[in-house]
Amino acid sequence: MARLVGRRRKGAGMALEDKKTLVVGEMNFFTADEYTKPPTVTAYKQDSTPGKTTALAGWENLGHTQMENPLKITVSGGEVTVKGSLQKHALRTSTSDRNFAIEVSLHQFDKNTIKKWMGKNAVEDTGLVYAKPKPQPWRVALLGICEDEGNIFMIHAGSVDIAPNGDFDVQNTEDLVALPVKLTVLTDKEGKTLGMSEVTPLS
């Protein structure tokens, strides 16, 4: 009888790693010039400056964001179509481009945040920020950093467009008012779109 070659060892394969799970308790979003690279997880962990200013050089905090729905990443496209011939109906598959968008709501009402919701071509006049009929999106790089009970998780996109994502909707007098924005992820100059780090211990 022939010997079995390449037998899978018992227990081999993906391991259960309890510390790789994620709870978004605190998360900050940053923007920078388009195509700005993210800091490495190692550089972020080793940075002892207040606010990680060395690791985050060139990145600007997007400000306070909504607590109840802190982050939503939507996916569109990626549909698989079966291609076939008359002789073989299922010959190959074709997959459409997959697109990502990140939805957050901004609580901070300074002029820079208001412009993120109104558009890059919004103008200031007599202390107010005015929208234009045809708003222009902000083209930036995005970095999101979540710290969760001694762990860190990052998302990054080298090129995103920031545009309004809904109404200025004040539903009650108790909750903080939010400005919803959508960050549509574009393809960067290296052909990449959305990136995520694995959950990694900070210490």
Cα-Cα P(r), the chain, percent of pairs per 5 Å interval: 1, 6, 11, 14, 15, 14, 11, 8, 6, 5, 3, 2, 1, 1, 0, 0, 0, 0
Under-5 Å amide H pairs with Val104, H placed in peptide plane, nonlocal only: Val181, Leu183
Charge dipole (debye, nearest 20) of the range 7-155; +1 at Cβ of Lys and Arg, -1 at Cβ of Asp and Glu: 1140 debye
Unit charges at the beta carbon, dipole of the chain: most positive-side option, Asn112, Gly195, Met27: Gly195
Over the range 135-203, relative contact order from alpha-carbon pairs under 8 Å, at least 6 apart, %: 35 percent
Percent RCO, i.e. relative contact order, over the chain, from Cα pairs under 8 Å lying at least 6 residues apart: 23 percent
Most mobile of Leu128, Leu142, Leu71 in a GNM of the chain (Cα contacts under 10 Å): Leu128
Compactness index (Cα Rg / 2.2 N^0.38 Å), the range 48-143: 1.71
Accessible area of His89 in the full protein assembly, 1.4 Å probe (Å², nearest 10): 140 Å²
Burial order of peptide ranges 157-165, 97-105 (average beta-carbon count within 10 Å, highest first): 157-165, 97-105
Share of alpha-carbon pairs per 5 Å distance bin for the range 131-203, given as whole %: 3, 14, 15, 16, 15, 16, 12, 6, 2, 0
Under 19 Å from the Cα of Lys72 - aspartates and glutamates, other chains or at least 8 residues apart: Glu26, Glu103, Glu147, Asp148, Asp161, Asp167, Asp169, Glu198
Given charges at Cβ of Lys, Arg, Asp, Glu: the range 40-164 dipole, positive-most of Thr81, Gly158, Trp138: Thr81
Heavy-atom SASA rank of Lys37, Lys116 (probe 1.4 Å, accessible area, largest first): Lys37, Lys116
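The values are calculated or read from the model by the stated rules, or taken from the named source; none is laboratory data. Values in this document were obtained by computation on a predicted structure and should not be read as measured data. Neighbour counts run over all protein chains shown; Cβ positions are idealised from the backbone, glycine included. Only protein heavy atoms, including side chains, enter the accessible area calculation; ligands, DNA and RNA are left aside. Shrake-Rupley method; radii C 1.70, N 1.55, O 1.52, S 1.80 Å.
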